[in-house]
Amino acid sequence: MNQHTRPQSISQQADELEEEMMHALERVVTKSTLHYLADGEVRIDTSAAAWAKNPKAIFNMGADPRLPPMPAKPTLVDYFRCRFASHAHLLQSATHALKAGHNEKVILACLLHDIGVVSFIRCDHGYWGAQMIEPYVDEEVSWAVRTHQALRFFPDESVGYTYPEMYIKLFGDDYKPEPYIVAEYERARNHKWYMTSRLICVNDIYSFDPNAKVNLDDFVDIIGRNFRQPVEGLGLDDSPSAHMWRTMMWPNRFL
Ligand SMILES: [Fe+2]
Ligand SMILES: [Fe+2]
């Protein structure tokens with residue numbers, strides 16, 4: 001007689017019941033309208049639609065079990081490891097800045113310049129990235145992250161920066177920056193921290209020595225000295241951008 005045909009013991013029955021209840025309690029995971037917009041659909045997930053399928057459905061209000069679990073008090077490094085979809089470009093840029101002997105503000109700015117892209121949203125990545133880090137870094141760092149988006153489109157011969165070949169490949173040779181990007185560039189050009197942002201552009205490279213070893217561990221001390229880690233955990237604090245980190249941590253909370 002095999003296990004499957006044997007009559008169930010009381011404890012087996014209890015296990016099965018518990019299993020069933022767990023499934024009944026599984027939270028329905030919904031997508032935000034922004035996720036649908038990115039797929040070309042103007043659409044919203046509603047409770048009514050979910051309840052039409054399962055009248056007892058309840059909705060996810062915490063961690064998405066499909067994503068890497070975050071620690072109770074996450075740090076920036078935890079977001080790098082569990083939520084940032086790519087590290088190579090950021091680490092390469094920061095390594096380039098480190099080797100060129102730039103100060104820690106510039107190195108941190110290079111390390112974080114595209115976190116908008118790798119973790120959150122591409123459109124206006126400089127603005128999103130700057131807003132995310134603003135409460136935790138020196139103002140010069142977040143300013144530079146914000147404006148690098150605009151400066152990337154404009155050459156500066158004084159530091160050997162030309163319009164990126166990669167941008168011609170990415171956007172076509174007829175792409176012209178929108179007026180708000182041009183205006184940002186004009187403002188930045190006259191700003192006291194212009195060169196910090198410009199140095200992001202100079203170190204913002206797409207190809208890199210494939211033999212060069214880059215490792216997030218090399219930047220943990222610079223992060224420690226220059227990024228104010230909140231004691232409650234990044235995203236669980238009350239800073240003006242904590243909600244953005246929470247959204248990355250729990251991207252499918254119903255509300
Ligand atoms: Fe960028
Ligand atoms: Fe970049």
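Worth pointing out:
- Inter-label distance for residue 218 and residue 85, nm, one decimal - labels placed 7 Å from Cα along Cα-to-Cβ: 2.5
- Long-range HN-HN contacts of residue 161 with modeled amide H, under 5 Å: 156
- Under the Karplus curve 6.51 cos²θ - 1.76 cosθ + 1.60, θ = phi - 60°, whole-Hz ³J(HN,Hα) for region 128-145, x wherever Gly or Pro sits: 5, x, 4, 5, 4, 9, 3, x, 10, 10, 4, 3, 5, 5, 5, 4, 5, 5
- Karplus (6.51, -1.76, 1.60) ³J(HN,Hα), θ = phi - 60°, over region 179-196, in Hz, Gly and Pro reported as x: x, 5, 6, 4, 5, 5, 4, 4, 5, 5, 4, 9, 8, 5, 9, 3, 5, 5
- The three principal axes of the C-alpha atoms in region 71-199 carry coordinate ranges of 47, 29, 26 Å, sorted with the longest axis first.
- Across every pair of non-identical alpha carbons in region 103-177, the mean reciprocal distance, once inverted, gives a Kirkwood radius of 13.2 Å.
- What the chain shows is 59 Å² of accessible area per residue, with the surface traced by a 1.4 Å probe over protein heavy atoms.
- Under Stokes-Einstein, with the Kirkwood radius over Cα pairs as Rh, the value for region 133-255 at 10 °C and 1.306 mPa s is 92 µm²/s.
- The phi-based Karplus calculation (6.51 cos²θ - 1.76 cosθ + 1.60; θ = phi - 60°) puts the 3J(HN,Hα) values of region 212-225 at 5, 9, 10, 8, 4, 4, 5, 10, 4, 5, 5, 4, x, 7 Hz, whole numbers, x for Gly and Pro.
- Spin-label model distance (nm) - residue 124 vs residue 42, 7 Å beyond Cα toward Cβ: 1.9
- The value given for region 185-224 is a Kirkwood hydrodynamic radius of 12.8 Å, derived from the mean inverse Cα-Cα separation.
- Whole-angstrom Cα spans of the chain along principal axes, big to small: 82, 41, 39
- Percent carbon-and-sulfur accessible area, the chain, ignoring ligands, DNA and RNA, probe 1.4 Å: 56
- Mean shadow area of region 52-141 over all directions, Cα convex hull, nm²: 8.3
- Distance-filtered residues of region 82-107 - backbone nitrogen under 11 Å, label point 7 angstrom along residue 156 Cα→Cβ: none
- MRE, 222 nm, helices only [DSSP H, n ≥ 4, -39500 (n - 2.57), over the chain, to nearest 500]: -13500 deg cm²/dmol
- Sequence ranges 131-140, 223-232, 41-50, ranked by mean other-Cβ count within 10 angstrom, highest first: 131-140, 223-232, 41-50
- The relative contact order of region 48-147, computed from alpha carbon pairs under 8 Å that lie at least 6 residues apart in sequence, is 19 percent.
- Residue among 122, 146, 83 with the largest mean-square fluctuation in a Gaussian network model of the chain, springs linking Cα atoms under 10 Å: 122
- Gaussian network model of the chain, springs between alpha carbon atoms under 10 Å - residue of 73, 31, 53 with greatest fluctuation: 53
- Estimated distance in nm for a label pair at residue 32 and residue 192, the labels positioned 7 Å out from Cα along Cα-to-Cβ: 3.5
The values are calculated or read from the model by the stated rules, or taken from the named source; none is laboratory data. Everything numeric in this text was worked out from a predicted model, so none of it was measured. Every residue, glycine among them, receives a Cβ derived from its backbone with ideal geometry; neighbour counts consider all protein chains shown. Ligands, DNA and RNA are excluded from the accessible area calculation, which covers all protein heavy atoms including side chains. Shrake-Rupley method; radii C 1.70, N 1.55, O 1.52, S 1.80 Å.
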